[in-house]
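Structure first, then comments.
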Amino acid sequence: GGPGERQIEVDRRKISDRIALLRKRLARIQRRRSLQRSGRLGFPVGAVVGYTNVGKSTLINRLAGSNLVTGDKLFATLDAMTRRVELRPGRFILLTDTVGFIRKFPPELAASFRSTLEEAIEADFLVHIADASHPRIAEQVETVERILEELGARAGTIVRVLNKVDAVRRVLELRKRLPAGDWIPVSARTGRGLAHLRQVLARFARVSETATAN
């Protein structure tokens, strides 16, 4: 239990922490390369962003006919999850689920969260989902849009989706009060508005493919 042994333990812990950090960075690089490979294979990639519990995973499930992890727990989506979505026969895109925003991030998680969002920005387009039933929806929307802008997201590459409209009244008035452009009203639970959303996603996919070709 001398000073030499204590220093060895400190050094071991530092090395262990460094290895863990490098592994995380490697995993991020691998995910990024996976998205880039997917794009080269001909599938435009959309990253789904928004606050926690707005229904991101549930909406992807409905569009893709798959089963991502869903739930009310914070960070239910522990890592980026990607699913193929058929917009019409033979026409596909990839949607990537991301970790949800929370109102106040613990300092030790903030850097990792922003790093995850930086990866999302590299997708062909973004799908920003908001919860129509949340009492602080305007504040949540403003926060997400501000951070996306800070990270360099282009306004013309964001599809804005107002989810859970089955749980509110006066959807039109709510849409008018929200910042940052037009919002597509949908309900991932009932399927309302999903046909229109598929049409909009198809338009964004065509634009991204044209940009890539040029």
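The values are calculated or read from the model by the stated rules, or taken from the named source; none is laboratory data. In this text, all values refer to a predicted model and were calculated from it rather than measured experimentally. Neighbour counts are summed over all protein chains in view; Cβ atoms, including those assigned to glycine, are modelled from backbone coordinates with ideal geometry. Just the protein is used for accessible areas: all its heavy atoms, side chains included, with ligands, DNA and RNA removed. Shrake-Rupley method; radii C 1.70, N 1.55, O 1.52, S 1.80 Å.
Could you compute how much accessible surface residue 190 exposes when probed at 1.4 Å, giving the result in Å² to the nearest 10?
Around 70 Å² of this residue is reachable by solvent.
Residue 17 to residue 169: FRET efficiency via 1/(1 + (r/R0)^6), r the Cβ-Cβ distance, R0 41 Å, to the nearest 0.05?
Details: r = 51 Å, r/R0 = 1.25.
Taking R0 as 41 Å, the efficiency between residue 17 and residue 169 is 0.20.
Could you report region 126-178's accessible area per residue, 1.4 Å probe, as an integer in Å²? Show your work: numbers first, answer last.
Working: 2820 Å² over 53 residues.
Roughly 53 Å² per residue, with all protein chains present.
Please enumerate, by chain and number, the aspartates and glutamates with C-alpha under 15 Å from the C-alpha of residue 104, excluding those fewer than 8 residues away in the same chain.
139, 142
Would you work out what percent of the accessible area of region 161-207, with all protein chains in place, is carbon or sulfur (probe 1.4 Å)? Intermediate values should be presented prior to the final figure.
On the way: 1350 of 2690 Å².
Carbon with sulfur: 50 percent of the solvent-accessible area.
For 128, 134, 196, give me the order by solvent-accessible area with a 1.4 Å probe, most accessible first, ignoring ligands, DNA and RNA. If you can, show how the numbers build up before the last one.
Details: 128 0, 134 60, 196 85 Å².
Result, largest first: 196, 134, 128.
Report the extension gain between residue 196 and residue 8 in nm, rounded to one decimal, defined as 0.36 nm multiplied by the number of residues separating them, less their alpha carbon distance. Display every interim value, and only then the final one.
Values: separation 188, 0.36 × 188 = 67.68 nm, distance 6.14 nm.
My answer for the length gained is 61.5 nm.
Each label point is 7 Å from the Cα along the Cα-to-Cβ direction; what then is the distance between the points at residue 149 and residue 182, in nm?
2.1 nm
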